[in-house]
1. With contacts defined as alpha carbon pairs under 8 Å and 6 or more residues apart, what's the relative contact order of the chain in percent?
2. So what is Rg over Rh here for the stretch 34-165, counting just Cα atoms and using Kirkwood for Rh?
3. Once both axes come from the Cα atoms, what is the angle between helix 34-62 and the longest principal axis of the chain, in degrees from 0 to 90, rounded to 10?
4. Using a 1.4 angstrom probe on heavy atoms only, work out the carbon and sulfur share of the accessible area of the chain in %.
5. With a 1.4 Å probe and all protein chains left in place, how much accessible area per residue does the chain have, in Å²?
6. Among 130, 71, 121, which one shows the highest mean-square fluctuation when the chain is modelled as a Gaussian network with alpha-carbon springs under 10 Å?
7. Give, rounded to the nearest 20 debye, the magnitude of the charge dipole that the chain has about its Cα centre when Lys and Arg contribute +1 at Cβ and Asp and Glu contribute -1 at Cβ.
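The values are calculated or read from the model by the stated rules, or taken from the named source; none is laboratory data. Just so we're clear, the structure is a prediction, and the values are computed from it rather than from any experiment. Here the Cβ positions follow ideal geometry from the backbone for every residue, glycine too, while neighbour counts run over all protein chains shown. Surface areas here come from the heavy atoms of the whole protein model, side chains and all, with no ligands, DNA or RNA. Shrake-Rupley method; radii C 1.70, N 1.55, O 1.52, S 1.80 Å.
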Amino acid sequence: MRDAVTKLIKNYDVTGRYLDRNAMDTLKAYFESGTARVTVATMITANAAAIVRQAGSSLFEQVPELIRPGGNAYTTRRYSACLRDMDYYLRYASYALVAGDMNVLDERVLQGLRETYNSLGVPIGSTVIGIQIMNNLVKQMATNAGISDTNFIDEPFEHLTRELSEVSI
Ligand SMILES: CCC1=C(C)/C(=C/C2=NC(=C\c3[nH]c(/C=C4\NC(=O)[C@H](C)[C@H]4CC)c(C)c3CCC(=O)O)/C(CCC(=O)O)=C2C)NC1=O
């Protein structure tokens, strides 16, 4: 697993360089965004169950076939599995936000996921919609909490949706 700082140090160590101006700028940007990252992670932690529940309801409203007979989230077991997956995405997104690096998503979430989803017929397009809904909910909460620049929140959610969609279709 990697974060913004270890990634940068590794890159400089490979070539035996001291940290230069570019490195310092990168580090400064990371530390300056640190408080906002931690605030958002704390907010996610405190509201995770509500975010997942709300995102699930919106998703099933938008794509009602999912929970009808023949839908992939039909039956209580699969419905719960779907919400559990959403909860995984949200929790790991909060880790990636704090780390300032998406590597935790590659290592812990995305590896082998496409194969699993394809073999179980889990629709990736709908999963992507669910992740995007959570992205919007978290951004809205951050805005309400007075965080002015919420763009950094997109990064983990977009990473998940990009990697999921790319590998599947
Ligand atoms: C932490 C990393 C991690 C991830 C990401 C993960 C995902 C994951 N989701 C699964 C199943 C599943 N995933 C879904 C999800 C959905 N179905 C839909 O229609 C919706 C679009 C969507 C919810 C948004 C469903 C319904 C299943 C059960 C499918 C089945 O067993 O038929 C499975 C198969 C095994 C199981 O059922 O537990 C895995 C491994 N597991 C992990 O350990």
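1. Values: 148 pairs, mean separation 46.6, N = 169.
Over the chain, the number comes to 28 percent.
2. Radius of gyration relative to Kirkwood radius: 0.97.
3. 20
4. Heavy-atom surface of the chain belonging to carbon and sulfur, 1.4 Å probe: 52 percent.
5. Details: 9680 Å² over 169 residues.
It amounts to 57 Å² per residue over the chain.
6. 121
7. So the dipole magnitude of the chain works out to roughly 360 debye.
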